[in-house]
Amino acid sequence: MLKKEQLPLLKELGVKDSKHLKDDQIVKIAKDIISVIPYSLLILPNPKYNELQAKGMTQGKIKAILHNQVLVNLHKKILPEKPDAVLIDQFAEEGVYFRHIQKQPEVLRENVYFSTKAEGVHLSVAAASILARYAFLKEWDKLSQVAGFTLPKGAGKQVDEAAAKIILSKGTEVLKTLTKHHFANTGKAIAIASKRKNQ
């Protein structure tokens, strides 16, 4: 939660749209943010994501549930204070978002607003995005340790090759713990690994 009087501090720390920051800058700024602003963070491990997706849950619904839970957690953390507004970087229409979370045990609805490209609109969203990227980078390092080499980011040929390497050295079940298994890269990696086995 960001207070108005903290805006100059965030600017001073270098907070801006995380797409314009390098990973080493993200790490430095995130460590500073953590020390001055209350926050809540959830990490969805790949096996759990794969399980939810296999049951038919869409990425949009998964994101909505996680967003809502983070907001509920943060509101409990800052009580008795209440924010004047909650701004969500819009990934779904407002009605769709609330439909996705309607069966959750607790739903935060009060003063919730949505904006596309909100990271460039408000420093609070930019700060949240930096914290999310920082958490992603830390998790990525852990996954790379399991894989035994630095995993490439993205979705290109180098990712297919890395996934095939994991299949050949550790098996498909380990790959499932490291990836979102329904992505097209999985099929490509299996084909590459199969071809190499038969060479």
Check your understanding: So is residue 43 within 20 Å of the chain's Cα centre (by Cα), part of a helix (DSSP H, G or I) and within 30 Å of residue 147 (Cβ to Cβ) or not?
Key -> no
Revision key, fill the gap. Here the qualifying pairs (Cβ atoms under 6 Å; residues six or more apart or on different chains; first in segment 101-120 and without any contact (Cβ under 8 Å) to a residue 60 or more places away in the chain; second in a loop (DSSP other than H, G, I, E, B) and open to solvent by less than 30 Å² (accessible area, probe 1.4 Å)) come out as 107/101
Practice item. Tell me which residues, restricted to segment 120-155, are more than 30 Å from residue 8 (Cβ to Cβ), touching a Ser or Thr at 6+ places or on another chain (Cβ under 6 Å) and in a helix (DSSP H, G or I). Key: 144
Exercise for review: Considering (1) in contact with a helix residue (DSSP H, G or I) (Cβ under 9 Å, 6 or more places away or on another chain); (2) of a type in the set (S, T, N, Q); (3) at pLDDT 95 or above, say which one residue 50 fails and leave the rest.
Suggested key: (3)
Practice item. Name every residue in segment 84-104 that is aliphatic (A, V, I, L, M), part of a loop (DSSP other than H, G, I, E, B) and more than 17 Å from the chain's Cα centre (by Cα), in order of residue number. Key: 85, 101
Exercise for review: Return the pairs, sorted by first residue and then second, in which the second residue is assigned to a loop (DSSP other than H, G, I, E, B) and open to solvent by 50 Å² or more (accessible area, probe 1.4 Å), the first residue lies in segment 78-91 and is farther than 19 Å from residue 5 by Cα, the beta carbons are less than 6 Å apart, and the residues are 6+ apart or on different chains.
Suggested key: 90/116
Review point. Closer than 30 Å to residue 32 by Cβ, in contact with a strand residue (DSSP E or B) (Cβ under 8 Å, 6 or more places away or on another chain), of a type in the set (Val, Ile, Thr) and modelled with pLDDT of 95 or more - does that describe any residue in segment 100-123?
Key: yes
**Study point:** Selected residue (criterion: nearest to residue 88 (Cα to Cα)) from residues of segment 121-145 that are under 13 Å from the mean Cα position of the chain (by Cα) and without any contact (Cβ under 8 Å) to a residue 60 or more places away in the chain
**Key:** 136
Check your understanding: Taking the stated definitions as given, is residue 129 exposed (fewer than 15 other Cβ atoms within 10 Å of the Cβ) and among the hydroxyl-bearing types (Ser, Thr, Tyr)?
Key -> no
Review point. With 180, 170 as the choices, which residue is free of Cβ contacts under 8 Å to residues at least 24 places away in the same chain, open to solvent by 20 Å² or more (accessible area, probe 1.4 Å), in contact with a helix residue (DSSP H, G or I) (Cβ under 8 Å, 6 or more places away or on another chain) and under 23 Å from residue 141 (Cα atoms)?
Key: 170
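The values are calculated or read from the model by the stated rules, or taken from the named source; none is laboratory data. Computed from a predicted model, the values in this text were never measured in an experiment. A quick note on method: Cβ atoms are made from the backbone with ideal geometry, for glycine too, and the neighbour counts reach across all protein chains shown. Protein only, heavy atoms only, side chains kept; ligands, DNA and RNA dropped before computing areas. Shrake-Rupley method; radii C 1.70, N 1.55, O 1.52, S 1.80 Å.
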